[in-house]
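**Student:** I am attaching a structure below and will ask some questions about it afterwards.
The values are calculated or read from the model by the stated rules, or taken from the named source; none is laboratory data. Quantities reported herein were computed from a predicted structural model and do not represent experimental measurements. Heads up, the Cβs are rebuilt from the backbone with ideal geometry, glycines too, and the neighbour counts pull from every protein chain shown.
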Amino acid sequence: MDVFDLTPGADAGNIATMSNTFEKLLAEKSVLLADGATGTTFFGMGLQSGDAPELWNADFPERVDRHYQAFVEAGSDLILTNSFGGTRYRLKLHGADDRVAELNAAAARILRETVSRAGRDIAVAGSIGPTGEILAPLGDLQQEDAVEAFAEQALALEAGGADVIWIETMSSREEVELAVQGARRTSLPIVFTMSFDTNGRTMMGVGAADVMGLHGELGVHACGTNCGIGAAEVVATILNMQASIPADGAEPILVAKANCGLPEFIDGEIHYNGTPEIMAKYAVMSRDAGARIVGGCCGTSPEHVAAMRHALDNTAPGPRPSIEDVQRELGDITAGAIAQARGETEVKTRGSSRRRRRRPG
Ligand SMILES: [Zn+2]
């Protein structure tokens, strides 16, 4: 329970008749706590590196349920389905490209059952990740084929009981557009988040202001950032997104899902160095920076999420942090993100003083 008197966006009458749990929770609560990592817990349960976790929806549904249940107990308001690699292109690597409908519907159905035992509302977010293919003309994937693949996955997630289609870890604006187009075949709200891992931008050069523009063009429910290079950079990205909301535009619902610090290889295994204390601080700072949905990504365990729950429930909302506050409390921020915070939304061409615009026109 939130301890603060928060102002919900809808009146009680509307909330009572709302059937979509995601929309209902957004109307009721000022901040939703999402979940943490999927891979991290699955490796602990025996998943081998290179295995497709989506196959576990059919082979080990009780393990998938246990993974979801841990985030229910940690206090998540929204949990992602085990379907990140569930497009036909990703499943093809495991000889399972003909099982898209089955595996994605199962991912959502298991989570729907898990949350039905929770005794509170929890949204089932149908996770969709990149196809892993390169779009034409650079690569082989035709746009219409990408749309069909995303639609196939999204429809299966809806059939299994998802409340929202959750497009995540995207790098290219084109792939977001195609995924949203596919997701529109469902009747569900749509969220997209992009991974800022390259000097304040995505690998494909998308900046915080570009994401705000894309949100406006696509008219989706919420957008934001996930994964990337740690908590400080994610909060800086949220600040940069907030700063570039068009004055006449509707304020987007922003999502922050940071990795649990940075990966370190210890005895050949990946460990993330973020502590529950850091992730708790990150959760509060993301909220104060303007994110309405806050969670973790790679390396974020249920223990970290429980610490985030406790911090969000017991820390009064504060003023928006500055970039310097974020650096002091959470660690380094890239020069690229700092430049965007100063209002430089254009990218310097390497080795040249000339500047090019990311988006023509
Ligand atoms: Zn991640």
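**Student:** Out of (1) in a helix (DSSP H, G or I); (2) out of contact with any helix residue (DSSP H, G or I) (no Cβ under 7 Å at 6 or more places or on another chain), what's the single condition that is false for G139?
**Tutor:** (1)
**Student:** Right, something else. Considering only residues that are on the phi < 0 side of the Ramachandran plot and either within 16 Å of the ligand (Cβ to nearest atom) or surrounded by fewer than 24 Cβ atoms within 10 Å (Cβ to Cβ) (or both), look in the range 156-165 and name the one that is farthest from the chain's Cα centre (by Cα).
**Tutor:** Filtering the range 156-165 for residues on the phi < 0 side of the Ramachandran plot gives 156-160, 162-165.
When the remaining residues are screened for being either within 16 Å of the ligand (Cβ to nearest atom) or surrounded by fewer than 24 Cβ atoms within 10 Å (Cβ to Cβ) (or both), the result is 158-159.
On the way: E158: 18, A159: 21 Å.
Checking each candidate, the answer is A159.
**Student:** Let me ask something else. Output yes when any residue across the range 205-222 is within 14 Å of the ligand (Cβ to nearest atom) and either farther than 21 Å from P321 by Cα or touching a residue at least 60 places away in the same chain (Cβ under 8 Å) (or both), and no when none is. Break it down stepwise before answering.
**Tutor:** Of the residues in the range 205-222, the ones within 14 Å of the ligand (Cβ to nearest atom) are none.
Within the range 205-222 (the criterion being within 14 Å of the ligand (Cβ to nearest atom) and either farther than 21 Å from P321 by Cα or touching a residue at least 60 places away in the same chain (Cβ under 8 Å) (or both)), the answer is no, since none of the residues qualifies.
**Student:** Please return the ranges of helices (runs of 4 or more DSSP H) entirely within the range 1-111 where 1 or more residues are modelled with pLDDT of 95 or more and within 27 Å of R292 (Cα to Cα).
**Tutor:** On the way: elements: 12-17, 21-28, 39-44, 56-59, 61-74, 88-92.
Ranges flagged: 21-28, 61-74.
Conditions (1) of a type in the set (A, V, I, L, M); (2) under 21 Å from the mean Cα position of the chain (by Cα), marked per residue:
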{"residue": "E303", "(1), (2)": "no, yes"}
{"residue": "R309", "(1), (2)": "no, yes"}
{"residue": "A316", "(1), (2)": "yes, no"}
{"residue": "S322", "(1), (2)": "no, no"}
{"residue": "Q327", "(1), (2)": "no, no"}
{"residue": "I333", "(1), (2)": "yes, yes"}
{"residue": "T345", "(1), (2)": "no, no"}
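**Student:** Ok, one more. Looking at the range 197-221, which of its residues are among the acidic types (D, E) and outside any loop (DSSP other than H, G, I, E, B)?
**Tutor:** Our first condition is that a residue be among the acidic types (D, E); within the range 197-221, this holds for 197, 210, 217.
Once the filter is applied, which keeps residues that are among the acidic types (D, E) and outside any loop (DSSP other than H, G, I, E, B), the range 197-221 yields D210, E217.
**Student:** Looking only at the range 225-238, decide whether some residue is in contact (Cβ under 8 Å) with a residue 60 or more places away in the chain, of a type in the set (S, T, N, Q) and farther than 30 Å from S19 by Cβ. If you could, list the steps in order and put the result at the bottom.
**Tutor:** So the first thing to find is which residues in the range 225-238 are in contact (Cβ under 8 Å) with a residue 60 or more places away in the chain, and the list is 226-233, 235-237.
Keeping just the survivors that are of a type in the set (S, T, N, Q) gives 226, 237.
Checking which are farther than 30 Å from S19 by Cβ leaves us with 237.
Yes: the range 225-238 contains one or more residues that are in contact (Cβ under 8 Å) with a residue 60 or more places away in the chain, of a type in the set (S, T, N, Q) and farther than 30 Å from S19 by Cβ.
**Student:** Under the condition of being within 16 Å of the ligand (Cβ to nearest atom) and of a type outside the set (A, V, I, L, M, F, W, C), which residue from the range 166-199 is nearest to E344 (Cα to Cα)?
**Tutor:** Checked the range 166-199; the qualifying residue nearest to E344 (Cα to Cα) is T198.
**Student:** Right, here's the next one. Please determine, by comparing only the residues of the range 166-182 that are assigned to a helix (DSSP H, G or I) and either of a type in the set (D, E, K, R) or in contact with a Lys or Arg (Cβ under 7 Å, 6 or more places away or on another chain) (or both), which one is surrounded by the most Cβ atoms within 10 Å (Cβ to Cβ). Can you show your working first?
**Tutor:** Here is the first cut: in the range 166-182, the ones assigned to a helix (DSSP H, G or I) are 173-182.
Those still in the list that are either of a type in the set (D, E, K, R) or in contact with a Lys or Arg (Cβ under 7 Å, 6 or more places away or on another chain) (or both) too: 173-175, 177.
Values: R173: 21, E174: 13, E175: 23, E177: 18.
Only one residue tops the list, namely E175.
**Student:** To continue, here is another question. Could you say whether any residue in the range 115-134 is closer than 28 Å to F196 by Cβ and in a helix (DSSP H, G or I)? Can you show your working first?
**Tutor:** Of all residues in the range 115-134, those closer than 28 Å to F196 by Cβ come to 122-134.
Checking the rest, the ones that are also in a helix (DSSP H, G or I) come to none.
No, there is no match, as no residue in the range 115-134 is closer than 28 Å to F196 by Cβ and in a helix (DSSP H, G or I).
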